[in-house]
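> Okay, handing you the structure first.
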Amino acid sequence: MRILRLAAVVVVLLFVAVQLSPGARAAGPVTEVLIGELLPLTGNFASLGQQYLWAGQTVEDIVNNDYPDLQVPLGPGKGFPGLGGAKMTLVVRDDQSRGDQARALAEQLITVNKVHWLNGEGTSGNTSIIQPLVDSYGIPMSCHACASPTLTEKGFKWFWRTGPNDSTMVASVFQFLKEWPAHGGPKDLKTIALFTCDNLFCQDNRKIAADLAEKGGYKIVADLTTKTGATTLASEVQRLQSANPDVLFLVQYPAETTVFQADAKRAGFMPKVIATSNGAYSDQTWLTAQKATSGAAGWLGRDPTAIDLASKKASWKKVNEIYKKYSRGQDMGELAMREITGMLWMADTINRAKSVEPAVLAKAAAETDMKPDQMIIDYKGIKFDANRQNVLATGVVTQIGWDDEKHTIWPWDLAAQSGFKPIFPSPSWQERETRSKK
Amino acid sequence: MTLFLQAVADGLQMGLLYALVAVGLAIIWGLMEMINFAHGEFMMLGMFGAWGLSVALGWDPLVSMVPIAVLMYGGGVLVYRLLMRRVQRGEVFTQIFATVGLFFFVQNGVVALFTSDYRFVEKSLLTSLSGANLTFGGLRVGIPLLVGGLIALALFLVLYLLIDRTDFGLAMQATAEDRDAAMLVGIRPQRMYAVAWGLGTALVAVAGVILANFFSVYPQAGLSFTVLAYAIVALGGFGSILGTLLAALLVGVVQSVTAAYLPPAFKDAFVFASYILIGLFRPQGLFGRF
């Protein structure tokens, strides 16, 4: 009798284990491909999360509806043809910008919702927290807009990134500064100050920039890390002003960048060059707000795409039209472009795999060789290295002009197409005020 | 020396803004001893109000401050009557959870209505003066911050007179000290609490309206200020309006001087270290009566 009870318990436990295992799904044709969309929709990084969500909804729309003239993967036709027309369904979860919550929700998405692919979390810090968990379950995962190089350097087998990482993009800025004198730029930029926030993304940028600055022969005259959520940066601005750098390398989120701008304006601080990397420079709402004051004219930064050139593509315009259905009329920024490109690659991979089995998906991902004409962004293509990082994702350098729009200024061939003459030195606050009033 | 003095001057200017944020909490928490974790969210609503009226009607925040204060006063009274009055007699944890719930409800409600975009008050008297400074002996004082600070000082003066020099203020203090004894002399405690919530909410909303001239407006804007406001009220001493003002100035200066000489990451750490240090010698805070 005792043996029978024990056997019954073992059977029940086995049943539960099988039910909880990620591969346990009903056999038969797939009618719905579930994409876990784990995002920071509330909390500190909500402004990023909402752009990723709109991007995800755009891709879901493109895949599930027929856009015959749209030259992106799965644009023409409805659903996944490789899976008999199965629909894509996003299973959206908000982690409140918290790593612990992200981990719990990732586990729930895998074991309870049984998603076939996990996309998220949108910020490098929280993505690094959920990576080990997702890897242990053996589910494909991607974060296309996460730029921390470490995400693809830790040897995780189930993580893919189509976007460029910070090593590539920050290097673009320093390469531009190095080559600029030969193209009519200043020859007297000798000192640099680093001014960054304190999370993984900012600190990765800081380390890369510090390394590249030293290699580039710059003297680092200040290196300040600030807490995210700062209510004043007046003393920090004073220290930067005393250090008098030629170049300010600034990586801060929109709220802190606004505080910095107000304090710098009050102190009359303006270095010759302000170079940025993501953060506010990638945030569409911050960029739009600068138009009233020309507050960002002359700021230059790394971007994953030449947005001024890419936006002339017919496919970009059509995708932007779809995106605006979800974004309450806001245009795609570069973050959304990275995310849409990545998620369309994911959809293409699922379609080519003709299966939702993780191993088959991984094989299809590894075989990726996507050409630039299939993308709304101007990567040279999508092809992965051994770490599942897209080796054809390139960075460009853009600068905000007096028209308050971004213009490509590096690489030089794209800069020539853009036809924009870089602004130097960075205009004073008075000049911005005078120009913005005209 | 200039670095130090400029840091002190910057700190005092920011301290006045912090005081403006903390004063509402000084009434609700410091005086009436009720916890309100949604304090920063009322400030954020004030910021959104200033932005909304600026965009929709072209009102300067210095003008919209008045209708927003009136509206938020009503909002504060409603929050008390509909929510806090019911949880007031329970455990203190009930108040904590009720206001944490309110925090999420308000913040996420704003996210749902307006998205998490950053917004900016672009046309106002104070923003048009941004970058304009007064100089005293080589020290810069930003005019917009100075105006914000003067408004804060004026509000403090009014509040100080109201709480310390009027029968109404004494009735509020009596309610906070001994609710039953206050009832015996004819004070209606529920009314006092409702007014305290109304006043506290209106004041922090006014702070939000002023801050909208200097900071980006977004649903999560209140959190950083809430944490500081709690430290300021505790540091200044429960029940002391003057203590709140001085503690806010102290916090501003400590933050600013710390960031001028040490890695900026230390600046909030030093604020809370000051609180611990003062707490060792004066557990009731600098000017606390309880």
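The values are calculated or read from the model by the stated rules, or taken from the named source; none is laboratory data. This is a predicted model, so every value here is computed, not measured. Cβ: placed from backbone, ideal geometry, glycine included. Neighbour counts: every protein chain shown.
> Might you check whether a residue that is surrounded by fewer than 24 Cβ atoms within 10 Å (Cβ to Cβ) and in contact with a strand residue (DSSP E or B) (Cβ under 6 Å, 6 or more places away or on another chain) occurs anywhere in region B:7-16?
yes
> Filter region B:121-140 down to residues that are at the interface with another protein chain (Cβ under 9 Å from one of its Cβ atoms) and in contact with a strand residue (DSSP E or B) (Cβ under 6 Å, 6 or more places away or on another chain), then give me how many there are.
Here the count works out to 2.
> Residue under question is A:Thr168, and the condition is that it be at pLDDT below 95 and within 14 Å of another protein chain (Cβ to nearest Cβ); does it hold?
Working: at pLDDT below 95: yes; within 14 Å of another protein chain (Cβ to nearest Cβ): no.
It is false that A:Thr168 is at pLDDT below 95 and within 14 Å of another protein chain (Cβ to nearest Cβ).
> Which ones in region B:220-278 are buried (at least 24 other Cβ atoms within 10 Å of the Cβ), more than 14 Å from chain A (Cβ to nearest Cβ) and not in a helix (DSSP H, G or I)?
B:Gly237, B:Gly239, B:Ser240
> Which one of A:Lys265, A:Lys215 is facing chain B (nearest Cβ under 9 Å) and over 26 Å from the mean Cα position of the chain (by Cα)?
Values: A:Lys215 fails: facing chain B (nearest Cβ under 9 Å).
Exactly one residue qualifies, and that residue is A:Lys265.
> Within region B:85-104, track down each residue that is more than 14 Å from B:Leu223 (Cα to Cα) and either touching a residue at least 40 places away in the same chain (Cβ under 8 Å) or in contact with a strand residue (DSSP E or B) (Cβ under 7 Å, 6 or more places away or on another chain) (or both).
B:Arg85, B:Gln88, B:Val92, B:Gln95, B:Ile96
> For B:Glu33, all conditions in the list (1) at pLDDT below 90; (2) within 14 Å of another protein chain (Cβ to nearest Cβ) hold save one; what is the number of the exception?
Failed condition: (2).
> Go through A:Thr228, A:Thr258 for me and flag whichever is within 11 Å of chain B (Cβ to nearest Cβ) and under 25 Å from B:Ile143 (Cβ atoms). Please lay out each step first, then the result.
Numbers: A:Thr228 fails: under 25 Å from B:Ile143 (Cβ atoms).
A:Thr258 is the lone residue from the list that is within 11 Å of chain B (Cβ to nearest Cβ) and under 25 Å from B:Ile143 (Cβ atoms).
> Would you mind listing the helices (runs of 4 or more DSSP H) fully within region B:52-169 where at least 1 residues are among the aromatic types (Phe, Trp, Tyr) and within 18 Å of the chain's Cα centre (by Cα)? It would help to see each step written out before you state the result.
On the way: elements: B:61-79, B:92-114, B:125-128, B:143-165.
It comes to B:61-79, B:92-114, B:143-165.
> Also, I was wondering about something else. Taking into account only those residues within region A:35-47 that are over 23 Å from A:Leu74 (Cα atoms) and in contact with a Leu (Cβ under 7 Å, 6 or more places away or on another chain), which is nearest to the other protein chains (Cβ to nearest Cβ)? Quick ask: steps written out before the conclusion?
Pass one, region A:35-47, residues over 23 Å from A:Leu74 (Cα atoms): A:39-47.
Next, only the ones that are in contact with a Leu (Cβ under 7 Å, 6 or more places away or on another chain) stay: A:39-41.
Details: A:Leu39: 11, A:Pro40: 9, A:Leu41: 7 Å.
Ranking the candidates gives A:Leu41 first.
> Right, another one. Mind checking which pairs have a first residue in region A:330-356 that is outside the structural domain of A:Gly79 (by TED's automatic domain parsing) and a second that is modelled with pLDDT under 95 and not small (Gly, Ala, Ser), Cβ under 6 Å, 6 or more apart or different chains?
Hits for this filter: zero, empty list.
> If we scan region A:193-212, do we find a residue that is away from chain B (no Cβ under 14 Å) and touching a Lys or Arg at 6+ places or on another chain (Cβ under 9 Å)? Break it down into steps so the answer makes sense when it comes.
Here is the first cut: in region A:193-212, the residues away from chain B (no Cβ under 14 Å) are A:200-201, A:204-205, A:207-212.
If we keep only those that are touching a Lys or Arg at 6+ places or on another chain (Cβ under 9 Å) as well, we get none.
Scanning region A:193-212 turns up no residue that is away from chain B (no Cβ under 14 Å) and touching a Lys or Arg at 6+ places or on another chain (Cβ under 9 Å).
> I'm checking my understanding of the structure. Among residues of region B:96-120 that are more than 8 Å from every other protein chain (Cβ to nearest Cβ) and within 18 Å of A:Gln51 (Cβ to Cβ), which one is surrounded by the most Cβ atoms within 10 Å (Cβ to Cβ)?
Going through the qualifying residues, I end up with B:Val110.
> Does region A:374-392 hold any residues that are more than 25 Å from A:Gln71 (Cβ to Cβ) and of a type in the set (D, E, K, R), and which are they?
Restricting attention to region A:374-392, the residues satisfying the condition of being more than 25 Å from A:Gln71 (Cβ to Cβ) are A:385-389.
Residues satisfying the conditions are A:Asp385, A:Arg388.
> Residue by residue through region A:292-317, note down the ones that are within 14 Å of chain B (Cβ to nearest Cβ) and not small (Gly, Ala, Ser). Even if it seems obvious, please write down each step before you answer.
The first filter runs over region A:292-317 and keeps only residues within 14 Å of chain B (Cβ to nearest Cβ), leaving A:292-296.
Passing the criteria: only A:Thr293.
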